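*Asks:* Let me give you the structure first, and then I'll get to my questions.
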Amino acid sequence: MAQVFHFGPYVWFGPLETGLPPGAQHSWSWGPNPGFARSGLLATAHPEDNPIVVAQVERRLAVTMIQSHRTPSSDHFVHVFVRNVGSATVNRYSLWLTVINP
């Protein structure tokens with residue numbers, strides 16, 4: 001039976017003046033040897049309330065890519081890319097990882 005592990009939240013705070021504007025992308029990297037070499041990986045990004053405005057607006061994020069690579073020295077890295085796909089700036093979000101081991 002597969003083992004499932006949840007990690008997070010990893011929290012990103014953007015610069016208060018700019019944050020993550022619509023269309024912009026932010027990335028996370030783990031490694032070397034993050035322990036995910038033979039695992040399935042799922043990531044979700046969740047926008048948090050904007051701390052600098054009173055009236056909250058709709059914000060949307062998408063995990064656009066999860067990338068794995070191994071260096072010539074056999075170090076393993078995992079990269080997760082989060083894009084603002086909404087029409088409002090995101091100043092803070094949380095990232096959650098689910099790791100599935102066979």
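*Asks:* Between ALA37, ALA88, ALA55, which gets the highest mean-square fluctuation from a Gaussian network model of the chain, Cα cutoff 10 Å?
*Replies:* Of the options given, ALA55 has the highest mean-square fluctuation.
*Asks:* Ok, one more. Would you tally the net charge around ASP49, using a Cβ to Cβ cut-off of less than 11 Å, leaving ASP49 out, and scoring K and R as +1, D and E as -1?
*Replies:* Surrounding charge for ASP49 is +1.
*Asks:* Please compute the net charge surrounding THR89, taking Lys and Arg as +1 and Asp and Glu as -1 over other residues with Cβ under 14 Å from its Cβ.
*Replies:* Local charge sum for THR89: 0.
*Asks:* Want the number for SER68 to ALA2: 0.36 nm per residue separation, take away the alpha-carbon distance, what's left?
*Replies:* In short, 21.7 nm is gained.
*Asks:* With every protein chain kept in place and ligands, DNA and RNA left out, what is the accessible area per residue of the chain? Probe 1.4 Å, answer in Å².
*Replies:* It amounts to 61 Å² per residue over the chain.
*Asks:* Hey, got the dipole for the chain? About the Cα centre, +1 on K and R Cβ, -1 on D and E Cβ, debye to the nearest 20?
*Replies:* For the chain, the charge dipole is close to 260 debye.
*Asks:* Using a Gaussian network model of the chain with C-alpha springs under 10 Å, which one of LEU42, LEU20, LEU61 is most mobile by mean-square fluctuation?
*Replies:* Result: LEU42 has the largest fluctuation of those listed.
The values are calculated or read from the model by the stated rules, or taken from the named source; none is laboratory data. Given the structure is predicted, the values throughout are model-derived calculations rather than measurements. Don't worry about glycine lacking a Cβ; one is built from the backbone with ideal geometry, like all the others, and counts go over all protein chains shown. Side chains included, ligands, DNA and RNA excluded: accessible areas come from the protein's heavy atoms. Shrake-Rupley method; radii C 1.70, N 1.55, O 1.52, S 1.80 Å.
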